[in-house]
Structure formats: C-alpha cells, structure tokens
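Here is the structure we will look at, set down as structure tokens.
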Amino acid sequence: MAPLRAVSVRAFLWALLVALPLLAVGPAGAVSIELVAQGANPNNLKPGDVLLVDVRVSGLGSFTAPTVGAFDLTATFGDPILTVDSLTYGTGLSAPGFPSQPLPPVLGTGLAQGAELVAADPGACGAVESVQADSFSLFTLSFTAGAVGSTEVALIDAPPTNGLFLFDCSFTPIPLEVEPASLSVVVREVAEPASLLGALALLFVRRRRANP
C-alpha cells in the first residue's frame, strides 16, 4: 500500500485525538517518556554550543506488546536561551518493508512538535512489534544555545491540542506512569580574556603577600 500523504496522516491523528475520550485506555503499566541530553552538559553550555536532546520511551514490551504505533508530542523551551534547529525521527516505528509515516515537524519560537505513526498496511503492526525494543528514541531535537540564562526543555500535557499522545499498534492510548518529562538547561556567560587575566594577576598578588 502506498504511504499516506502528510496531510492524511495528520488528519488521522487528529481524528484519534478527537475520539480520545471514547477510546478504551490500555492497562496501566510502567511506560514512561524521558528527555536525555546527548554530548554537551546541559547545565554548562556556552552561547553557540549545540545541545542534542533525545525524547525516549521506555517500559514497552521487548519485541512484543505493548508496541508504540503512533505518537504526537510537543516540547517547549525558553527562547532566546535556546533555538531549535531540527527534529530527527528515530526508527522505532519502522520495520523492513514497512517504513513509518512521520509528519513534517513543527519548529517554532519556544516550541517543537513531532508526530509519527506506523505504515498504513495490515501487516505493519505485526512487523513493527517483532522488531521494536522496550526502549528507543522517538525523535531527537537539536538546539543552539543563545542568550545567557536558564530554562527547561519540557514535554507539555495540555490536551486537546498539545497532549502527551502515545498510542499502541491498535491505536489504543498507552497510559504513562510518570509526569511530563523535563530537562534543565543553563547557558553561562563566557569570561572575557581581559577579565580572566585580571583575576589571575590578583590571585598572584595575594599569594605573594601571603608568602613574602
């Protein structure tokens, strides 16, 4: 079956969101979503540094149900402390011969949204279930540090438009065990060379006075 166009995929997800109160919710489990920084220390960034943040799901079945079949997640952050550059989807909703259907990401000032679902094919769910691990990256956000200050990258839970929407392969909502994930970020001012030399000179003078 040919892949659905992005507009069709988004319409399908919105139909699920509208019907959410009418859908049966799967049994409570230990499924959770967390934000994991990659590479740079998020609490010690300098202006211009690049920060990668993985949006990871865990607590699923390992090559068995529950299996993620669709999601729609929105992250917020403080601008201009951080600027989002890209959103890259993982491969967890794909299987050989059944590529997933990612929606074009929405990247804006202080907001990034990603949504994806399995292929529109009767065999897709079984194929994805057979290869999907119990923990994987839904997508990765790339940020550039800007203004000095502190902020949080956080998933927001504000339905009906910006909820933590996670569905299994039969499009039944998967309940999450934990509160919306967040990651603290601090961008620090870089010391000017002249200021640093002055501080070192002052330290040298003080040591000389203490040890004549």
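The values are calculated or read from the model by the stated rules, or taken from the named source; none is laboratory data. In this text, all values refer to a predicted model and were calculated from it rather than measured experimentally. So basically every Cβ, Gly included, is an ideal-geometry build from the backbone, and we count neighbours across all protein chains shown.
Here are the numbers for this structure:
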read-out	value
Filter pass, Val153 being of a type in the set (A, V, I, L, M, F, W, C), at pLDDT 95 or above, crowded, with 19+ Cβ neighbours inside 10 Å and on the phi < 0 side of the Ramachandran plot	yes
Cβ pairs under 9 Å, 6+ apart, first in segment 149-161 and over 30 Å from Glu189 (Cβ atoms), second of a type in the set (Phe, Trp, Tyr) and surrounded by 14 or more Cβ atoms within 10 Å (Cβ to Cβ)	Pro159/Phe165
Close pairs (6 angstrom Cβ cut-off, 6 or more residues apart or separate chains): in contact (Cβ under 8 Å) with a residue 24 or more places away in the chain and acidic (Asp, Glu) in segment 109-120, part of a strand (DSSP E or B) and surrounded by fewer than 24 Cβ atoms within 10 Å (Cβ to Cβ) anywhere	Glu116/Tyr89; Glu116/Pro102
Scope segment 131-157; condition more than 24 Å from Pro66 (Cβ to Cβ) and of a type in the set (A, V, I, L, M, F, W, C); matching residues	Leu141, Phe143, Ala145, Ala147, Val148, Val153, Ala154
Contacts under 8 angstrom Cβ, first residue in segment 61-79 being farther than 27 Å from Pro104 by Cβ, partner charged (D, E, K, R) and in a loop (DSSP other than H, G, I, E, B), 6 or more apart	Gly61/Asp134; Ser62/Asp134
Condition check for Thr64: part of a strand (DSSP E or B) and more than 20 Å from Pro159 (Cα to Cα)	no
Conditions (1) modelled with pLDDT of 95 or more; (2) surrounded by 14 or more Cβ atoms within 10 Å (Cβ to Cβ): number failed by Ser184	(2)
